[in-house]
1. If the label point is 7 Å along Cα→Cβ of residue 3, which residues in the range 34-49 have backbone nitrogen under 20 Å from it?
2. Quick check on the exposure proxy: order 67, 72 from fewest to most C-beta atoms within 10 angstrom.
3. So, by mean Cβ neighbours within 10 angstrom, what's the order for 41-51, 16-26 with the highest one leading?
4. Can you give me the three principal axis dimensions of the chain from its C-alpha atoms, in Å, biggest first?
5. Against the longest principal axis of the chain, how steep is helix 36-48, in degrees 0 to 90 to the nearest 10, with axes from Cα atoms?
6. Rounded to the nearest 500 deg cm²/dmol, what is the calculated helix-only ellipticity per residue at 222 nm for the chain, with -39500 (n - 2.57) per DSSP H run of length n ≥ 4?
7. For the chain, find the longest principal axis of its Cα atoms and tell me its angle to the long axis of helix 53-67, 0 to 90°, nearest 10.
8. For the range 2-66, what does the relative contact order come out to in percent, with C-alpha contacts under 8 Å and a separation of six or more?
Amino acid sequence: MRKCHDCKLNLGDRCGVFENPHEQWKHGNCHGFGNDELCRQYAEEQAKHPPDEGKEKRRELAKEAKSETHHSGIRPHKSTPAGD
């Protein structure tokens, strides 16, 4: 949501705390917006579960492989949805 732009809990495509951030703004201000205590609790919870280094490395390798030209000279293409 546009209103969540400067919020520390904004993860881009979702909120770090609320399932539906749009509902939080319906009755005025979201009580998570600018709430340092809630941001601190979220950061502590994330620190308990650090990202898997192996998983991150596999993601990077897959992203790199998708951008490389195949040895036969064929460039990778964007996949099309199954219904097309």
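Any read-out appearing in this document is the output of simple, stated calculations on the displayed coordinates, not a laboratory observation. What you see is a predicted model; the values in this text were computed from it and never measured. Don't worry about glycine lacking a Cβ; one is built from the backbone with ideal geometry, like all the others, and counts go over all protein chains shown.
1. The answer is 34-39, whose backbone nitrogens lie closer than 20 Å to the label point.
2. So the ranking, lowest neighbour count to highest, is 72, 67.
3. Averaged packing, sorted descending, gives the order 16-26, 41-51.
4. 57, 34, 21
5. 40 degrees
6. The helix contribution divided over the chain gives -11500 deg cm²/dmol.
7. It works out to around 50 degrees.
8. RCO, the range 2-66: 26 percent.
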